[in-house]
Every structure is written in C-alpha cells, then in structure tokens.
Amino acid sequence: MESAVFFLLVFSVGFLFKKYVAKFIQIILSKVGLILHKEIIAMSGSYISFWFFVIALYVAFLRAPVNANAVVEKLFYGVFAFSVIVFIASVVSRLFQKSVPERIGANIIKFSIVFVGLILILNQVGIKLTPILTALGIGSLAVALALQDTLANFFAGINILLSKQIARGDYIRLDLGQEGTVIEVNWRTTIIKTISNTVITVPNNKLSSAIVTSFHFRKAEVSASVNCGVAYGSDLERVEKIAILAAQEVIYKNEDSVKTYTPIVQFIGFADSAINFTLIFRVKNVYAKGFIQSEVFKNLYKKLNEEKIEIPFPQRVVTLNKQ
C-alpha cells in the first residue's frame with residue numbers, strides 16, 4: 001500500500017510538472033529569446049511523462065517490503081539513461097535537419113548518439129563490452145558482404161550530402177537524360193520529380209558516379225535561347241535590334257524572367273539557305289524556361305514578319321548547262 005501511495009504521489013508531481021512548470025519554463029525562455037521549436041516541446045512532453053513514470057516506479061520499488069536487488073536497480077538506471085539519450089539524439093537530429101533537410105543526415109546523427117550512449121550505459125552498469133564488440137566485428141563482416149549494394153548506396157548518400165553539390169529542391173539532369181527536381185535523398189536512393197509529375201528513383205551509388213548537370217548550383221538563374229535564321233542579304237544589324245526588342249517585350253511582361261540581364265544575339269553560321277543566329281536571355285528558374293522560350297519564339301516570328309525580314313525555306317540554287 002505504501003509503495004502504491006508513493007508511486008501515485010511521484011507520478012502526480014510529474015503530471016503537474018509537465019502541465020504547469022514546463023510551460024512556465026517555455027514562457028521564460030521565450031522572453032529571453034530562447035524559443036524552442038514546437039515539435040521539440042511536444043516531443044519532450046511524452047518523455048517527461050515516461051521519466052516520471054520510471055522514477056515513480058523506482059521509488060515504489062524502494063518502498064516495497066522486499067530486498068533491493070542490484071540487477072533491478074541497474075535495470076531502472078539503464079532504462080532511464082537510455083530514454084534520456086534517445087531524447088537528446090532526437091532533439092539534435094531535429095536541429096540538424098533544419099540546416100540539412102535530407103532525412104539520411106539526421107538519421108546518421110541520431111544513430112551515432114544512441115550508439116555511443118548505449119555503449120556508455122552498458123559500461124556504467126558493469127557489462128563487459130569486449131566480447132560484444134568482438135562478436136559485432138565478426139557479424140559486421142558477414143553483413144557487409146551480404147549487403148554490399150545497400151552499404152554502397154548508404155555511403156554514397158553520405159557523400160552526396162557532405163559534398164553539398166546536390167540538395168533537395170535542385171533541378172538536375174543526369175548523363176543518361178533523366179532530369180527533374182530532387183525531392184529527397186534517403187539512405188538508399190535519391191528521388192527525382194520530373195516536370196511531367198513523374199517520379200524517378202536513382203540509387204545513390206549510381207548518382208554519385210553519374211555526370212550530373214545542376215541548374216541550381218549556387219543560384220537558380222538559367223540561360224534560355226531561341227535559334228532562328230534569316231535570308232542572305234538581310235541587314236544583320238537590324239535583325240539583331242529586332243530580335244533583342246522581341247525578347248525584351250516578353251521579359252518585361254513576365255515575372256519569372258531576369259530583367260537585369262540584357263538579351264544578346266550571336267550569329268553562329270552560314271547555312272545552306274540562311275544565316276543562323278541565337279537569341280540568348282535569362283529566366284529565374286528552369287521551370288519557367290520552356291514557357292518563356294515559347295513566348296519569345298512567337299514574338300520574334302511576329303516581329304520579323306512585321307519588319308518584312310525573310311525567314312527562308314530550305315532552298316538550293318541549281319545551274320543547268322545549256323550544252
């Protein structure tokens with residue numbers, strides 16, 4: 001009966017602490033500028049309840065009319081300490097995930113803290129680690145041989161995160177032609193979402209060895225271009241001014257275009273039927289590239305027709321010998 005009373009008393013103190021004292025501490029921290037994240041506060045609530053439950057159970061055990069068992073005491077200590085380690089690991093991984101949003105990085109941090117904490121707890125309660133580590137070493141070798149591809153993908157994912165050349169939200173193109181937005185880098189694969197709303201799953205080791213073109217590295221602006229050709233005999237200076245004007249009219253109307261960049265015209269070759277040129281401009285992101293290119297193309301075609309500048313059909317000059 002006495003043990004039950006002490007259990008209820010300590011558990012009630014924990015309930016009151018969680019409901020009133022923890023909220024009061026949060027208010028004090030917010031006044032001094034230390035505002036904890038809501039997810040961490042919500043997560044700590046469940047841990048506080050568990051900690052006071054373990055403490056209440058331990059106090060009830062001490063007040064019970066039985067001889068205290070060292071094994072039971074170590075068990076209580078191990079459970080309490082391990083829950084604290086898991087809580088710390090969860091908080092650190094959440095904070096790490098704010099700067100590196102990929103889930104694999106946060107999972108590595110959490111696993112590392114839990115693993116080191118577990119070793120310290122086992123050492124503290126008097127469990128010898130040498131036989132365990134020896135068995136783990138032999139078992140790890142067998143697991144590594146059986147899971148070569150999985151481990152290769154795992155460490156390739158770590159390499160991708162640490163290099164910071166590919167991150168969530170980047171638009172990339174692989175050397176085999178697949179392209180899209182990176183939506184997740186997990187422990188085994190990188191998931192890419194295409195413009196057509198399909199999903200491509202790429203193993204991390206394949207991605208780390210592929211030639212990757214990133215359209216978001218350091219900045220999101222990308223160049224766009226429209227190719228065209230005009231007839232021989234055209235005034236190229238006039239063609240250049242008309243092409244730049246056609247691009248600027250579209251750029252000034254579209255919010256996704258880069259208005260600080262002046263379009264340029266590059267004449268690139270003498271073809272069989274035309275003098276070819278490229279009209280180059282910039283857009284804010286790769287998603288707007290196709291639409292703005294299309295608008296510039298239509299406006300350029302309209303301007304050239306209005307100015308009576310010929311866009312020639314393919315043609316050849318044939319000379320007949322009268323003899």
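The values are calculated or read from the model by the stated rules, or taken from the named source; none is laboratory data. Please read all numbers here as calculations on a predicted model, not as lab measurements. Don't worry about glycine lacking a Cβ; one is built from the backbone with ideal geometry, like all the others, and counts go over all protein chains shown. Keep in mind that these areas ignore ligands, DNA and RNA; they rest on the heavy atoms of the full protein, side chains included. Shrake-Rupley method; radii C 1.70, N 1.55, O 1.52, S 1.80 Å.
As a summary of the residue check, Y287 satisfies the conditions (1) outside any helix (DSSP H, G or I); (2) closer than 30 Å to S196 by Cβ; (3) open to solvent by 40 Å² or more (accessible area, probe 1.4 Å); (4) touching a residue at least 24 places away in the same chain (Cβ under 8 Å) except for the one numbered (1).
So is L162 more than 29 Å from V283 (Cβ to Cβ) and assigned to a helix (DSSP H, G or I) or not? Spelling it out, L162 is indeed more than 29 Å from V283 (Cβ to Cβ) and assigned to a helix (DSSP H, G or I). Do the conditions hold for Y287, that is, is it of a type in the set (S, T, Y) and under 40 Å from the mean Cα position of the chain (by Cα)? Considered against the rule, which asks whether it is of a type in the set (S, T, Y) and under 40 Å from the mean Cα position of the chain (by Cα), Y287 comes out as yes.
For every residue, the table says whether it meets (1) at pLDDT 65 or above; (2) over 25 Å from I191 (Cα atoms); (3) open to solvent by less than 40 Å² (accessible area, probe 1.4 Å); (4) under 19 Å from the mean Cα position of the chain (by Cα).
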site	(1), (2), (3), (4)
A70	yes, yes, no, no
E73	yes, yes, no, no
S83	yes, yes, yes, no
F111	yes, no, no, no
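Inclusion of E255 among residues that are of a type in the set (D, E, K, R), under 30 Å from V182 (Cα atoms), out of contact with any Phe, Trp or Tyr (no Cβ under 8 Å at 6 or more places or on another chain) and outside any strand (DSSP E or B) is warranted. Of all residues assigned to segment 236-251, none qualifies as being within 30 Å of F154 (Cβ to Cβ) and either in a loop (DSSP other than H, G, I, E, B) or open to solvent by 30 Å² or more (accessible area, probe 1.4 Å) (or both).
Here segment 221-235 is the region considered, the condition is being among the polar types (S, T, N, Q) and assigned to a strand (DSSP E or B), and the residue that is surrounded by the most Cβ atoms within 10 Å (Cβ to Cβ) is S225. The residues of segment 178-215 that are open to solvent by less than 30 Å² (accessible area, probe 1.4 Å) and more than 17 Å from G157 (Cβ to Cβ), listed by number, are G180, T181, T194. How about segment 165-184: which of its residues are part of a loop (DSSP other than H, G, I, E, B) and either under 16 Å from V199 (Cα atoms) or aromatic (F, W, Y) (or both)? Those that are part of a loop (DSSP other than H, G, I, E, B) and either under 16 Å from V199 (Cα atoms) or aromatic (F, W, Y) (or both): R168, G169, D170, L176, G177, Q178. Residues that are more than 23 Å from P314 (Cα to Cα), part of a strand (DSSP E or B) and open to solvent by 50 Å² or more (accessible area, probe 1.4 Å) occur at least once in segment 271-284.
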